[in-house]
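The values are calculated or read from the model by the stated rules, or taken from the named source; none is laboratory data. Just so it is clear, the model here is predicted, and its values are computed rather than measured. Every residue, glycine among them, receives a Cβ derived from its backbone with ideal geometry; neighbour counts consider all protein chains shown. With ligands, DNA and RNA removed, areas are computed over all heavy atoms of the protein, side chains included. Shrake-Rupley method; radii C 1.70, N 1.55, O 1.52, S 1.80 Å.
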Amino acid sequence: MKAGYKLPEVTFHTRVRDESIGGDNPFKWEDKTTADYFAGKRVVLFSLPGAFTPTCSTYQLPGFEKGFPEFAAEGIDAIYCMSVNDSFVMNKWAQSQELENVGVIPDGSGEFTRRVGMLVRKDNLGFGLRSWRYAAVVNDGVVEAWFEEPGLSDNHGSDPYGVSSPENVLKWLKGEEAEAVA
């Protein structure tokens, strides 16, 4: 992916809260599409190897969550975190992180991630197929800026982090020099 590319049209199988169901688990299945998340909005999308993993839970997701007011001041309508995890995992992670500003998108089958060229094997960690770490500024479904961590490959020996950080994306939005923008 790079600036100017349109995001692929994919259907995401999500679980959404529905109080009419009652009980301890008031959620129902609801399919959402790429258009549901991105049409008519300017958003930041970031993707990471997995919910509940150390870098993702300690730095990247909390940084976007806490920084939302700064992103909004730069014209961002929403921030979404995507991972090749199912909706149950993503919802539980969002709950554990007490998210109020960042929405989660479950790409359980990895279809969106595959179609943007970011699906990698993480068998060396016992993860299977997962997303390479990246972020993007997306305007009405079209990539405005792409922030991909270096070294995209299967079974990479480390987990690069910096290019897709909230700090780097915010620098770009403010017109400051940012790392490796495509």
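Some observations on this one:
- Answer label, with Cα extents along the principal axes in Å calculated from the coordinates and candidates [x] 48, 36, 28; [y] 50, 40, 30; [z] 44, 43, 25: [y]
- The range 122-141 and the range 13-37 have their alpha-carbon centroids 23 Å apart.
- Loop-located GluC sites (Glu not before Pro) in the range 60-132 whose Cβ has at most 13 other Cβ within 10 Å (DSSP): E98, E100
- Of all lysines in the structure, those lying under 17 Å Cα to Cα from K28, and not within fewer than 8 positions of it along the same chain, are K92.
- Of all accessible heavy-atom area on the range 5-174, the percent that carbon and sulfur account for (1.4 Å): 49
- Using a Förster distance of 35 Å, the FRET efficiency for D36-K174 (Cβ separation, nearest 0.05): 0.75
- Each 10 Å bin, from zero up to the one with the longest distance, holds this percent of the alpha carbon pairs of the range 121-182: 23, 43, 26, 8.
- With the highest mean first, a sort of the peptides 156-164, 132-140 on other beta-carbon atoms found within 10 angstrom per residue produces 132-140, 156-164.
- Spatially proximal aspartates and glutamates relative to K171 (Cα-Cα < 19 Å; intrachain offsets below 8 disregarded): E65, E70, E74, D77, E144, E148, E149, E179
- Out-of-range pairs (alpha-carbon distance over 24 Å; input K41/K174; K32/K174; K122/K174): K32/K174; K122/K174
- The H on the amide N of F27, modeled in the peptide plane, is under 5 Å from the matching H of D18, each at least 5 residues off or on a different chain.
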